[in-house]
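Here's the structure we're looking at; comments come further down.
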Amino acid sequence: MKLAQDIIIKPIITEESMKGAADRKYTFQVAKNANKIEIAKAVEELFGVKVSKVNTISVNGKFRRQGRTGGYTASSKKAIITLTADSKGIEFFEGMN
């Protein structure tokens, strides 16, 4: 059994994700092997909210060069969480606006 803290790695704070927070959509970096059901349960457990929908995006690593040699940055997975209309907001994101 996975812990909620192992599934939700960190929030993603960008200009685009802050625009979504006004529509009750919050963006998190999640574990690569987590599915939508596990992500929804983890968010509900950690923040005490009701999740309506989960969209996931797999992000491939980008090619970067260091002088002569090159390599790829780490790949990751993002989840966009939509809350129900009667649910309270996530306090971490509300303090940023």
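In this structure, is T73 farther than 13 Å from I7 by Cα, modelled with pLDDT of 95 or more, open to solvent by 70 Å² or more (accessible area, probe 1.4 Å) and β-branched (V, I, T)?
So T73 does not fit the description; no.
Give me a count of the residues in region 15-66 that are among the basic types (K, R), within 14 Å of L83 (Cα to Cα) and part of a strand (DSSP E or B).
Within region 15-66, residues that are among the basic types (K, R), within 14 Å of L83 (Cα to Cα) and part of a strand (DSSP E or B) number 2.
Take region 1-14 and flag every residue that is in a loop (DSSP other than H, G, I, E, B) and of a type in the set (D, E, K, R).
K2
For region 10-58, give me the residue count where each residue is acidic (D, E) and either in contact with a helix residue (DSSP H, G or I) (Cβ under 6 Å, 6 or more places away or on another chain) or touching a residue at least 60 places away in the same chain (Cβ under 8 Å) (or both).
Matching residues across region 10-58 total 2.
Table: residues versus (1) in contact with a strand residue (DSSP E or B) (Cβ under 9 Å, 6 or more places away or on another chain); (2) at pLDDT below 95; (3) not small (G, A, S).
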{"position": "E15", "(1), (2), (3)": "no, yes, yes"}
{"position": "K36", "(1), (2), (3)": "yes, no, yes"}
{"position": "K62", "(1), (2), (3)": "yes, no, yes"}
{"position": "G67", "(1), (2), (3)": "no, yes, no"}
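Given the conditions (1) under 16 Å from I12 (Cβ atoms); (2) open to solvent by 80 Å² or more (accessible area, probe 1.4 Å); (3) among the hydroxyl-bearing types (S, T, Y); (4) over 12 Å from the mean Cα position of the chain (by Cα), report the number of the one that S58 does not fulfil.
It fails just one condition, (4).
Would you mention how many residues in region 76-97 are of a type outside the set (S, T, Y), in a loop (DSSP other than H, G, I, E, B), closer than 13 Å to D23 by Cβ and open to solvent by 30 Å² or more (accessible area, probe 1.4 Å)?
2
I'd like to know if region 14-25 contains one or more residues that are more than 17 Å from F92 (Cα to Cα) and surrounded by fewer than 18 Cβ atoms within 10 Å (Cβ to Cβ).
No, region 14-25 has no match at all.
The values are calculated or read from the model by the stated rules, or taken from the named source; none is laboratory data. Here the structure is a predicted model, which means the values were calculated and not measured. FYI the Cβ positions are ideal-geometry reconstructions off the backbone, even for glycines, and counts take in every protein chain you see. When the accessible area is computed, the model is the full protein with side chains, heavy atoms only, and any ligands, DNA or RNA have been set aside. Shrake-Rupley method; radii C 1.70, N 1.55, O 1.52, S 1.80 Å.
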